[in-house]
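The values are calculated or read from the model by the stated rules, or taken from the named source; none is laboratory data. Keep in mind that this is a model prediction, so the values were computed, not measured. Cβ coordinates were reconstructed from backbone atoms using ideal geometry, including for glycine residues, and neighbour counts include every protein chain displayed. SASA here: full protein model, heavy atoms, side chains in, ligands and nucleic acids out. Shrake-Rupley method; radii C 1.70, N 1.55, O 1.52, S 1.80 Å.
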Amino acid sequence: MFSGHSLKSKILYRLPFKTKVKVIKQVGSWSQIKIKFGQKYSNYGWVRSKYLVIN
């Protein structure tokens, strides 16, 4: 997960496979997300949309 929608942005987290996220918006090939910790969503960041799977 990156701080912005560019590979040059700072890496904030390395998300484990099947991490549940909530998509906030999309810009080009990037999605702004919130990470789910326990029962709450928090911590905004950006990921490449191609790595997301909708359930």
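If you check every pair at least six apart or on different chains, which have Cβ atoms under 9 Å apart with a residue in the stretch 29-51 that is farther than 14 Å from residue 9 by Cβ first and a residue that is part of a loop (DSSP other than H, G, I, E, B) and of a type in the set (Ser, Thr, Tyr) second?
Filtered contacts from the stretch 29-51: 35/13; 35/19; 36/19; 43/13; 49/29; 50/29.
Taking the stretch 12-35 as the search range and keeping residues that are hydroxyl-bearing (Ser, Thr, Tyr) and closer than 16 Å to residue 50 by Cβ, which one is nearest to the chain's Cα centre (by Cα)?
31
Out of the residues in the stretch 21-35 that are of a type in the set (S, T, N, Q) and in contact with a Ser or Thr (Cβ under 7 Å, 6 or more places away or on another chain), state the one that is surrounded by the fewest Cβ atoms within 10 Å (Cβ to Cβ).
Initial filter on the stretch 21-35 (of a type in the set (S, T, N, Q)): 26, 29, 31-32.
Imposing the further condition that a residue be in contact with a Ser or Thr (Cβ under 7 Å, 6 or more places away or on another chain) reduces the set to 26, 29, 31.
Details: 26: 13, 29: 9, 31: 21.
This residue is 29.
Are any of the residues in the stretch 36-44 within 10 Å of the chain's Cα centre (by Cα), assigned to a strand (DSSP E or B) and surrounded by 13 or more Cβ atoms within 10 Å (Cβ to Cβ)? Let's see the steps before the verdict.
Keep residues of the stretch 36-44 that are within 10 Å of the chain's Cα centre (by Cα), which gives 43-44.
Subsequent filtering for residues that are assigned to a strand (DSSP E or B) retains 43-44.
From the residues that got through so far, the ones that are surrounded by 13 or more Cβ atoms within 10 Å (Cβ to Cβ) too are 43-44.
So far as the stretch 36-44 goes, yes, one or more of its residues are within 10 Å of the chain's Cα centre (by Cα), assigned to a strand (DSSP E or B) and surrounded by 13 or more Cβ atoms within 10 Å (Cβ to Cβ).
How many residues does the stretch 3-20 hold that are open to solvent by 40 Å² or more (accessible area, probe 1.4 Å) and either of a type in the set (S, T, N, Q) or outside any loop (DSSP other than H, G, I, E, B) (or both)? Show your work before the answer.
Keep residues of the stretch 3-20 that are open to solvent by 40 Å² or more (accessible area, probe 1.4 Å), which gives 3, 5-8, 10-20.
Narrowing the set further to residues that are either of a type in the set (S, T, N, Q) or outside any loop (DSSP other than H, G, I, E, B) (or both) leaves 3, 6, 11, 19.
So the count comes out to 4.
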